[in-house]
Amino acid sequence: MAEGRLFVVAGPSGAGKGSLIEELLRRYPTAWLSVSATTRRPRPGESHGAQYYFLHEDDFRSMASRGEFLEWAEVHGNLYGTPRQSVLERLQKGCDVILEIDVQGARQVKEKVPDAVGIFVMPPSLGELERRLRGRGTESEAEIEQRLSNAREESKAAREYKYVVVNDDLRRAREEFCAIYENESPLLRADKKP
Ligand code: 5GP
């Protein structure tokens, strides 16, 4: 059976990575989204094992020291990490694995898995990003400020990625995102062979 490929999706918080990935998962049963661990508190509607594994910092750090994360990083004052074992298992079982992680984590993955496909999602502008973050209403004012200042920094990392998708028009961005996946997935390419 063909092994899957790792796709790393990064970009500033509020750039719309979530909606693009949601569409990808809806269209392609070959794609699987990894569930990360985090020390941040769950937001209303989030539950353990669905959006994240919500861990206490001590537990997170012991997992990290045992090498159980493929990558991990501190983002907006909390720790986030990708559980290594479940990712490797899915790849071996013939799934493409999607990681939605920050730019520090993406660099670590690129070093460990050079074959991973990097996709950077850009918000159309910082003004638009601010509008979206405020519209979402899930962060406090201080958190919004921190996310905007991180976004300024993170946007500079776009050049490190093979693909950059500008999310100015959701419908167009979705098609572009899915086309990248179709081109780069070894599983879909295998399907196309006569
Ligand atoms: P949020 O708290 O809004 O869910 O996520 C905040 C940021 O953490 C986002 O930029 C997201 O991509 C990043 N993130 C989520 N999971 C991981 C992970 O496993 N590793 C790293 N390095 N970043 C992550």
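Below are the figures for this structure:
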read-out: Matching residues, region 138-173, being within 19 Å of the chain's Cα centre (by Cα), in a helix (DSSP H, G or I), surrounded by 13 or more Cβ atoms within 10 Å (Cβ to Cβ) and charged (D, E, K, R); value: 147, 154, 160
read-out: Residue check, residue 20 outside any helix (DSSP H, G or I) and either on the phi < 0 side of the Ramachandran plot or of a type in the set (D, E, K, R) (or both); value: no
read-out: Condition met for residue 33 (under 21 Å from residue 167 (Cβ atoms) and open to solvent by 30 Å² or more (accessible area, probe 1.4 Å)); value: yes
read-out: Any pair with Cβ under 9 angstrom, 6 or more apart, that starts in region 72-84 at a residue that is among the polar types (S, T, N, Q) and ends at one that is assigned to a strand (DSSP E or B) and modelled with pLDDT of 95 or more; value: 78/38; 82/36; 82/37; 82/69; 82/70; 82/71; 82/72; 82/99
read-out: Qualifying position, being aliphatic (A, V, I, L, M) and farther than 22 Å from residue 36 by Cα, among 151, 106, 116, 179; value: 179
read-out: Selected residue [among the acidic types (Asp, Glu) and within 14 Å of the ligand (Cβ to nearest atom)] from 57, 46; value: 46
read-out: Pair list, Cβ under 9 Å, 6 or more apart: region 136-157 residue farther than 15 Å from residue 126 by Cα, other residue open to solvent by 70 Å² or more (accessible area, probe 1.4 Å) and in a loop (DSSP other than H, G, I, E, B); value: 138/44
read-out: Residue within region 59-66 that is surrounded by 20 or more Cβ atoms within 10 Å (Cβ to Cβ), touching a residue at least 24 places away in the same chain (Cβ under 8 Å) and of a type in the set (Phe, Trp, Tyr) present; value: no
read-out: Qualifying positions in region 87-104 - of a type in the set (A, V, I, L, M) and part of a loop (DSSP other than H, G, I, E, B); value: 101
read-out: Candidates 70, 88, 24, 33 - the one that is closer than 30 Å to residue 179 by Cα, near the ligand (Cβ under 9 Å from one of its atoms) and at pLDDT 95 or above; value: 70
read-out: Near pairs, Cβ below 6 angstrom, 6+ apart or cross-chain, from region 36-57 (in a loop (DSSP other than H, G, I, E, B)) to any residue that is away from the ligand (no atom under 12 Å from the Cβ) and charged (D, E, K, R); value: 39/57
read-out: Filtered residue count, region 95-129, keeping only those that are open to solvent by less than 20 Å² (accessible area, probe 1.4 Å), touching a Gly at 6+ places or on another chain (Cβ under 7 Å) and more than 11 Å from the ligand (Cβ to nearest atom); value: 5
read-out: Of the criteria (1) in a strand (DSSP E or B); (2) under 18 Å from residue 108 (Cβ atoms); (3) open to solvent by 10 Å² or more (accessible area, probe 1.4 Å), which one residue 81 fails; value: (3)
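Table: residues versus (1) in contact with a His (Cβ under 7 Å, 6 or more places away or on another chain); (2) at pLDDT 90 or above.
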| residue | (1), (2) |
| --- | --- |
| 113 | no, yes |
| 117 | no, yes |
| 124 | no, no |
| 138 | no, no |
| 146 | yes, no |
| 151 | no, no |
| 166 | no, yes |
| 173 | no, yes |
| 176 | no, yes |
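The values are calculated or read from the model by the stated rules, or taken from the named source; none is laboratory data. From a predicted model like this one, the values you see are computed outputs, not experimental measurements. Backbone-built Cβ (ideal geometry, glycine too); neighbour counts: all protein chains shown. Accessible surface areas use protein heavy atoms only, side chains included; no ligands, DNA or RNA. Shrake-Rupley method; radii C 1.70, N 1.55, O 1.52, S 1.80 Å.
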